[in-house]
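Undergrad: My questions all concern the structure below.
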Amino acid sequence: MLRRFFAVLLALAAFGCGSPPRAAEGSKPVAARPSLGAEPAPVFVTSTNGLSTSEHAAAPVPVTDADPQWGDPLAPVTIVEFSDFECPFCSRVKPTLAEVKRAYGPDKVRIVWKHNPLEFHRQARATAIAAQAVYALGGSRAFFRFHDSAFLHQKNLTPENHEKWAVEAGVERGRFRESVASKRFAEKVDDDIALAKRVGALGTPGFRINGVTLSGAQPFEKFKEIIDAELAKAKELVDAGTSRGDVYPILTKRNYEEPALAPGKAGDDEDPNVWNIPVLRDDPVRGPGDALVTIVEFSEFQCPFCKRVKPTLDEILRAYPKDVRLVWKDNPLPFHPRARAAAFLARRAFEKRGNDAFWQVHDALFETQPKLEDEDLRRIAEQLGLAWSPIALAIEKNKSPKIDASVELAADFQARGTPHFFVNGVRLTGAQPREKFEERIAAALEVARALVEQGVPRTKIYETVTKDGKLPPPPERKVVPPPDAETPFRGDPLAPVVIQIFSDFQCPFCKRVAPTIAELEKTFGSKVAVAWRHLPLPFHQDAPLAAEAAQEAFAQRRSAGFWRFHDALFEAQATGIGRDALESIAARLGLDMPRFRAALDSRQHRAKVEADAKLAEDAGINGTPAFVIDGYFLSGAQPAPAFKKLIQRALDDRKKR
């Protein structure tokens, strides 16, 4: 089941805004607690995109766009609820959550639903699957209407009622029947169950509040105590310059505690597969080349959990001096701003002074963590006799094919967080205790020694045990029609690869990815062109009119005018892109203002914007930013290497035709 969970992460993980349609509930305080089902009036609900941002999806308690949710994706506190529609205690806590919504509002608290139907609740799993189908067809608004009906009629969770509640929630009956019959939403339920086990949410309801555990149908005061503490922590981060989008992953990593495991049980037995992880000649290695067990570690130098597991790995290498080797793979996470710079230093040490120098730098970096500013890196470099200027230049240019390739490999094999290990190809996630590693090592040694007895050389053991292992799944594909004459376009019309961007001018993650797209255009030149597709999300109130305004700029000045308006909109995003801002931008860019105002008043370009959104819906694209690269799909504000890989793949495909 965990394997399927990571497959979903790979397909969806992204930096981005959320999916359609979303509802939310208001924040007016009330004197008394509401009765069951009495929820605040809808205001807005949103989610983060395609498994939210990559940061949110890679957090210890991941939040994804596959999750129904209430509240702002940038809210400083996220409550992840593991729940069961047949559980009376889940029903009992519902009014308390309504009170949380009223007390804090959607700007401060986001509530995310995860399915955890318990085995002894006979109707819970089928209800969860039906609810997930409703979410897929109607978004969070429809999901929570279905959710309310299910809890109000908890003793009658029948298929007939599922259909009735789905229709009442606004879902078309035929599509609901087809979706439930297809059973494709059972996988999401299984993924949630696997996640619940991994984070230790074994009963219902179970909550993780920015990673802090709260179990059971607790009173409002218990929630308030944790929420208030987390709001204070979030304020400190934001005041210190942390972006709102990074608050959830940072605080969750700080707060999350790996659940205690029952004796003899592995936490991620749900993925028993052997994966064919390549070990390359230029990978740093500790331990003998003929070791019977190879531990491949995807890691980075700013992650506190990577630092925490280092003593455990040192103990393992001392305990198995002839039988275990450790292979390092870089995976600097985007929300750790100094991780990549530190990786450049370690890579330079490897290239100039060899394997031993890498591990010297490795140890020094973890020793100085969290102090990883340039002066800290320079001090380490000088202690090893490494010239600083080439390292500083590499950090400034931010280019390393080796590190980029390692990050891509991590994504391919769903090694989304750090640290992430493969023990002779078998996955082991997180900063696990020594006992967990020794369980995997013992199993691997048993297989390896049997192969040695059969005549396999020790130097060939890793190759032998992984040669038939699983390989990464192919990249996701989406079918959308090519851009027409009314689609804003940039680049050579004959470019072999066209990147179609589905985006929203009010989405902060769409703004964040714009420089990456510019970098790709510069890198690939005439091989790549860019087309813009409008996908204003329902909870971004100014986005639809902004899209129409940009389309009017296209109508007046064609693509050149559109892209200038596009840039100006993203520049103005922080201060607002309402009607006054749109007119101000248009005037500054010299557009025909009477014509511009008339186009906005008459909603002249609404049909074009809605047509683009319909293309997205038909292709199964729910969030922004999203990209279709000559048929290959990429969700969210991913780093440049993720785009480059798909662009190169598309170019190679063209050569084969």
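Undergrad: Quick one: in region 478-493, which of the residues that are surrounded by fewer than 12 Cβ atoms within 10 Å (Cβ to Cβ) and touching a residue at least 12 places away in the same chain (Cβ under 8 Å) is nearest to GLU519 (Cα to Cα)?
TA: The qualifying residue nearest to GLU519 (Cα to Cα) is PRO493.
Undergrad: From the residues in region 342-362 that are of a type in the set (Gly, Ala, Ser) and surrounded by 23 or more Cβ atoms within 10 Å (Cβ to Cβ), which one is nearest to ASP404 (Cα to Cα)?
TA: That would be ALA343.
Undergrad: Right, here's the next one. Report yes if GLN638 is within 17 Å of LEU409 (Cβ to Cβ), modelled with pLDDT of 90 or more and in the same structural domain as PRO536 (by TED's automatic domain parsing), otherwise no.
TA: no
Undergrad: Exactly one condition in (1) assigned to a helix (DSSP H, G or I); (2) in contact (Cβ under 8 Å) with a residue 40 or more places away in the chain; (3) surrounded by fewer than 16 Cβ atoms within 10 Å (Cβ to Cβ) is not met by ARG603; state its number.
TA: (1)
Table: residues versus (1) farther than 18 Å from LEU292 by Cα; (2) touching a helix residue (DSSP H, G or I) at 6+ places or on another chain (Cβ under 6 Å); (3) outside any helix (DSSP H, G or I).
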| position | (1), (2), (3) |
| --- | --- |
| THR418 | yes, yes, yes |
| PHE421 | no, no, yes |
| ALA431 | yes, yes, yes |
| ILE441 | no, no, no |
| ARG449 | no, no, no |
| GLY455 | no, no, yes |
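Undergrad: Answer yes or no: is there a residue in region 327-350 that is over 23 Å from the mean Cα position of the chain (by Cα), modelled with pLDDT of 95 or more and not in a helix (DSSP H, G or I).
TA: Within region 327-350 (the criterion being over 23 Å from the mean Cα position of the chain (by Cα), modelled with pLDDT of 95 or more and not in a helix (DSSP H, G or I)), the answer is yes, since at least one residue qualifies.
Yes/no per residue for (1) aromatic (Phe, Trp, Tyr); (2) buried (at least 17 other Cβ atoms within 10 Å of the Cβ); (3) within 27 Å of PRO311 (Cβ to Cβ):
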position: PRO390; (1), (2), (3): no, no, no
position: LYS397; (1), (2), (3): no, no, no
position: GLY425; (1), (2), (3): no, yes, yes
position: LEU428; (1), (2), (3): no, yes, yes
position: ARG434; (1), (2), (3): no, no, yes
position: ILE441; (1), (2), (3): no, yes, yes
position: ILE461; (1), (2), (3): no, yes, yes
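Undergrad: Take region 351-399 and flag every residue that is touching a residue at least 60 places away in the same chain (Cβ under 8 Å) and outside any helix (DSSP H, G or I).
TA: GLN369, PRO370, LEU372
Undergrad: Given the conditions (1) surrounded by fewer than 24 Cβ atoms within 10 Å (Cβ to Cβ); (2) assigned to a helix (DSSP H, G or I); (3) not hydrophobic (A, V, I, L, M, F, W, C), which single one is not true for GLU552?
TA: (1)
Undergrad: Can you say whether THR624 is among the hydroxyl-bearing types (Ser, Thr, Tyr), without any contact (Cβ under 8 Å) to a residue 24 or more places away in the chain and either assigned by TED's automatic domain parsing to the domain that holds GLY245 or part of a loop (DSSP other than H, G, I, E, B) (or both), as far as the supplied structure shows?
TA: So THR624 does not fit the description; no.
Undergrad: I need a count of the residues in region 209-236 that are within 22 Å of the chain's Cα centre (by Cα) and within 17 Å of ALA98 (Cα to Cα).
TA: Selection size over region 209-236: 1.
Undergrad: Kindly list the number of the only condition in (1) crowded, with 21+ Cβ neighbours inside 10 Å; (2) in contact with a Phe, Trp or Tyr (Cβ under 8 Å, 6 or more places away or on another chain); (3) part of a helix (DSSP H, G or I); (4) touching a residue at least 60 places away in the same chain (Cβ under 8 Å) that fails for THR516.
TA: The number of the failed condition is (1).
Undergrad: Among the helices (runs of 4 or more DSSP H) contained in region 163-274, which hold 2 or more residues that are crowded, with 17+ Cβ neighbours inside 10 Å, modelled with pLDDT under 95 and of a type in the set (Lys, Arg)?
TA: Those helices (runs of 4 or more DSSP H) span 186-199.
Undergrad: Could you pull out the residue among GLY525, GLY561 that is within 21 Å of SER602 (Cα to Cα) and small (Gly, Ala, Ser)?
TA: GLY561
Undergrad: Now for a different question. Name every residue in region 207-229 that is under 20 Å from ALA57 (Cβ atoms) and of a type outside the set (S, T, N, Q), in order of residue number.
TA: Within region 207-229, PHE207, ARG208, ILE209, GLY211, VAL212 meet the criteria.
Undergrad: Let me ask something else. Taking the condition farther than 20 Å from ALA394 by Cα and in the same structural domain as GLU435 (by TED's automatic domain parsing), does LEU372 pass?
TA: For LEU372, the condition - farther than 20 Å from ALA394 by Cα and in the same structural domain as GLU435 (by TED's automatic domain parsing) - is not met.
Undergrad: Taking region 298-326 as the region of interest, how many residues are under 23 Å from the mean Cα position of the chain (by Cα) and part of a strand (DSSP E or B)?
TA: Summing the residues that are under 23 Å from the mean Cα position of the chain (by Cα) and part of a strand (DSSP E or B) in region 298-326 gives 2.
Undergrad: Something else about it: Filter region 104-140 down to residues that are within 27 Å of GLY245 (Cα to Cα), modelled with pLDDT of 95 or more and aliphatic (A, V, I, L, M), then give me how many there are.
TA: Number of matching residues: 3.
The values are calculated or read from the model by the stated rules, or taken from the named source; none is laboratory data. Remember, predicted model here, so these are calculated numbers, not experimental data. Every residue, glycine as well, gets a Cβ built from its backbone with ideal geometry; the counts of neighbours run over all protein chains shown.
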